[in-house]
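S.K.: Structure in structure tokens, see below.
What follows draws every value from the coordinates through simple rules; no lab data is involved. Bear in mind the structure is a predicted one, so any value in this text is a computation, not a measurement. Backbone-built Cβ (ideal geometry, glycine too); neighbour counts: all protein chains shown.
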Amino acid sequence: MRQEIIKLGGEFLFNEKVIDFIIEDGNIREVVTNRQRIKTDTVVLAIGHSARDTFYKLYERNVEMRRKNFSVGVRIEHLQSMINKSQYGTKTKLKLPPAEYKLAYHGEDGRSCYTFCMCPGGEVIASSSEKGTVVTNGMSTFARDGANANSAVLVNITPDDVGEGSNPLKGIEFQKELEELAFNLGGRNYYAPIQRVEDFINNNKSTYIGEVKPTYIPGVTLSNLNNILPDFVCKTLKEGIIYFDKKISGFANPDAILTGVETRSSSPVTIVRNEILQSNIKGVYPCGEGAGYAGGITSAGADGIKCAIAICSQIL
């Protein structure tokens with residue numbers, strides 16, 4: 001794909017970071033990187049939802065943004081064999097792939113809990129992008145042959161949950177505070193805080209690891225995640241896990257492992273754009289998940305196509 005873009009006249013700037021934008025009379029004029037200034041009248045902001053330094057710079061440059069709903073929670077690990085048994089049973093002689101699941105719970109108080117980015121036969125991975133924070137994610141290798149299954153278990157966060165005021169970046173501050181608390185609870189050495197499901201539900205610090213062995217690298221610290229997650233998040237996670245056990249037998253297994261925290265499932269910010277997909281700065285096209293217009297890889301790619309078409313329609 002890269003070679004095709006180069007053949008068509010595109011250019012890739014590796015090890016180069018955007019640090020500022022030059023805006024005049026409401027129009028984009030230049031993009032400033034750590035190496036050069038690039039004159040342009042068109043910028044696609046496909047920045048991803050962890051580009052916090054860029055969000056702050058755009059806010060400083062008066063690019064219109066607003067808060068949006070997002071989610072926070074934990075990663076849960078089970079034995080993949082248990083997930084297979086629950087999903088497939090024990091009678092089949094077929095050679096079936098490692099089983100997957102997708103679950104949602106809606107509480108009476110209006111809170112929702114759901115699983116996201118389920119990784120069969122996978123592992124929980126470190127995804128911090130800033131010093132002094134712990135952020136988790138999940139992945140599977142091609143073979144999906146690991147002992148554990150894992151998934152994010154997340155609770156919805158609304159703009160009202162992150163504090164008063166008009167600052168659209170409050171959601172980022174909410175995320176970062178949780179990530180710093182996880183770093184501290186894990187021992188301030190980038191180990192992740194973990195807890196058995198039984199202990200989490202009963203609000204007891206875990207003192208041992210049972211049949212499910214955590215996969216997080218560089219390491220883990222037995223903890224009580226109730227001490228760092230907001231009360232409403234803990235309440236909804238507990239309700240959701242117990243409910244999910246009715247759908248996947250063993251989901252609330254006492255020895256299932258919770259690893260904290262997962263905060264980057266979606267962007268807490270929307271960069272506002274108009275009917276021709278431009279921001280309030282002419283020539284700037286917010287695009288994809290970080291800008292608030294997608295919920296995953298496929299929808300972000302589709303939004304990129306939409307932005308490309310919008311740009312072409314302005315040029316031609």
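S.K.: Going by Cα centres, segment 245-261 and segment 81-142 are how many Å apart?
M.R.: 10
S.K.: OK, next. By count of other Cβ within 10 Å, fewest leading, how are His49, His106 ordered?
M.R.: Final ranking by Cβ density, sparse to dense: His106, His49.
S.K.: Right, something else. Subtract the Cα-Cα distance of Glu130 and Asn15 from 0.36 nm times their separation in residues, and report this length gain in nm to one decimal.
M.R.: 39.6 nm
S.K.: On to the next question. Which one of Ser206, Val261, Ala300 is farthest out on the positive end of the charge dipole of segment 179-316, using unit charges on Cβ (Lys, Arg +1; Asp, Glu -1) and the Cα centre as origin?
M.R.: Ala300
S.K.: Give the Rg/Rh ratio for segment 105-144, taking Rg as the radius of gyration of the Cα atoms and Rh as the Kirkwood radius, to two decimals.
M.R.: Using only Cα positions, Rg/Rh for segment 105-144 is 1.15.
S.K.: Still on this structure, I have one more. Per 0.36 nm of contour for each residue apart, how much would the distance between Ser249 and Ile209 grow if the chain were fully extended, relative to their Cα-Cα spacing? Walk me through the numbers on the way to the answer.
M.R.: On the way: separation 40, 0.36 × 40 = 14.40 nm, distance 2.05 nm.
Full extension from Ser249 to Ile209 adds 12.4 nm.
S.K.: If the label point is 7 Å along Cα→Cβ of Ile276, which residues in segment 293-309 have backbone nitrogen under 19 Å from it?
M.R.: Residues 304-309 qualify, since their backbone N sits under 19 Å from the label point.
S.K.: Assuming R0 = 22 Å, can you tell me the calculated FRET efficiency for the pair Asp41 and Asn62, based on Cβ-Cβ distance, to the nearest 0.05?
M.R.: Details: r = 18 Å, r/R0 = 0.82.
The formula returns an efficiency of 0.75 here.
S.K.: For segment 73-161, what are Rg and Dmax over the alpha carbons, in angstrom?
M.R.: In Å, with Rg to one decimal and Dmax whole: 15.5, 51.
S.K.: Starting from the exponent 0.38 and prefactor 2.2 Å, build the expected Rg for segment 15-171 from its residue count and divide its actual Cα Rg by it.
M.R.: Numbers: Rg = 21.4 Å, N = 157, 2.2 N^0.38 = 15.0 Å.
That works out to 1.43 for segment 15-171.
S.K.: With the convex hull built on the Cα atoms of segment 241-281, state its orientation-averaged projected area in nm².
M.R.: Answer in nm², one decimal: 5.5.
S.K.: What does the charge count around Glu179 come to, taking other residues whose C-beta lies under 12 Å from its C-beta (Lys +1, Arg +1, Asp -1, Glu -1)?
M.R.: Net charge in that neighbourhood comes out at -1.
S.K.: Which net charge results for the neighbourhood of Gly240, defined as the other residues with beta-carbon distances under 12 angstrom from its beta-carbon, given Lys and Arg at +1 and Asp and Glu at -1?
M.R.: Once positives and negatives cancel, what remains is +3.
S.K.: Also: Helices from the chain with mean Kyte-Doolittle at least 0.5 and a Cα length along the axis of 18 Å or more, per DSSP H: which?
M.R.: Correct list, ordered by number: 231-244, 297-315.
S.K.: Ok, one more. Viscosity 1.306 mPa s, temperature 10 °C: Stokes-Einstein D of segment 70-262 from its Kirkwood Cα radius, in µm² per second?
M.R.: 94
S.K.: Pull up the DSSP beta bridges for the chain and report the antiparallel fraction as a percent, rounded to 5.
M.R.: Around 85 percent antiparallel, to the nearest 5.
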